[in-house]
1. Taking 7 Å along the Cα-to-C-beta vector as the label spot, tell me the Lys110-Asp124 distance in nanometres, rounded to one decimal.
2. Quick check: the angle from helix 61-74's long axis to the longest principal axis of the chain, C-alpha only, nearest 10 degrees?
3. What is the gain in length, in nm to one decimal, between Thr87 and Leu329 on full extension, counting 0.36 nm per residue of separation less the C-alpha to C-alpha distance?
4. Going by a ≥ b ≥ c, the root eigenvalues of the Cα gyration tensor, does region 234-318 fall in the rounded group (a/c under 1.5), the prolate group (a/b larger than b/c) or the oblate group?
5. Just how many % of Cα pairs in region 85-170 lie over 15 Å apart, if you round to the nearest whole percent?
6. Could you work out how far helix 49-58 tilts from the main Cα principal axis of the chain, as a 0 to 90 degree angle to the nearest 10?
7. Please tell me the relative contact order of the chain in percent, rounded to the nearest whole number, where contacts are Cα pairs under 8 Å and at least six residues apart.
8. Taking every pair of alpha-carbon atoms in region 188-237, what share in percent sits in each 10 Å bin, from 0 to the bin with the longest distance?
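None of the figures in this text is laboratory data; all of them are computed from the coordinates on show. All figures in this text were calculated on a predicted structure; none of them were measured in a lab. All Cβ positions, glycine included, derive from the backbone under ideal geometry; neighbour counts span all protein chains shown.
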Amino acid sequence: MAQSEQETPSARATYLPKEEAGMSFPPDRTALLVIDPVNDFLSEGGAGWELTKTTVTKNDVVGHLKRAIEGARACGIPILFGPMAYTEEDYAAEHLQRRSGINRLMFERKMFLAGTWGADFHPDLRPRDGDTVLLPHKSCDVFQTDLPEHLRRMGITHLVIAGMSANLCCESTGRHAMEDGFDVTFLSDAIGAASIPEYEASIRLNYPLIANAVITVDEFLAAVGASAAGLVGVRAGDAVRGSDHGEIGTVDEVALATEETDGYLLVRKGLIFKTDTYIPLDAVAKRSGTDVFINVPKLVLGTMPWGEPPSRAERRAKHGPRAADVDKLYGSRSPSGRE
């Protein structure tokens, strides 16, 4: 393959915490990102309250956000706040109201206007000295702010996301973070949306495929405590959950790697799954209490080729060819503009 191909962004794609076991939240490399914890979303009388009040109230989003923030602070995990704010220049000069449907909705409802009560932080969720307040995002992706610079400055590899709203800013930012190589976790009970269907689609379907875990605030704080104590291994008797939080079964055996097989955990067949399931150990993403979470949703577990112990030979086959051995990237063609 030509040198120019190896210098493309896709060729540089990497997973930042790849040298770790994958089951922990290392306190020195984990950050909690709280997106749009502001009055327009979270307070009665806010410009978006009539849209968000159902899920915010049902999930006790404010209470769970407060618990997540205070718990993370107590563990030394940095908190980043990602709010929105719009000025006359955004609309009169940049015409952001024509950019997208969500920008039009925010414009018409006069949401997040800079300097107003609506754009200010909810009184229970205000930043403190030592927290980081990001520059305002102007649509859905908080990575379009100074967030990447702060993450690099702090040496963050694990990003935990909470706030508003599920299918827009939280999802867009989590997707971008995953693409940039971060280990991403969503806190399901500290997130709200404009409707229950929007929330459920994000939590049950989308997040489990773009993140390593979808867990509750209590599970996150328990996992942080276990990480700090070095208690992150898998044990027989642990409950196994998918990245969609679906219950899969109980660990019957933990097998370490041999010359012929990779390490795996064995979940015996039962009422839900009709065959024994051999889950590769490197599919285990997080541990919280006696629960271990794998980075595959329960909904698709039955489609995985995990009916027997994972062999080293099969892993090599899944790796695919070496880049240097590929002549045409897409079989018959290489990307336009490359040699």
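1. So the label points at Lys110 and Asp124 sit 2.7 nm apart.
2. It is inclined by approximately 70 degrees.
3. Gain in length upon complete extension: 82.5 nm.
4. Prolate.
5. Beyond 15 Å sits 67 percent of the P(r) for region 85-170.
6. The two axes meet at around 40 degrees.
7. It comes to 19 percent, rounded to a whole number.
8. Bins of 10 Å from zero give 22, 41, 27, 10, 0 percent of pairs.
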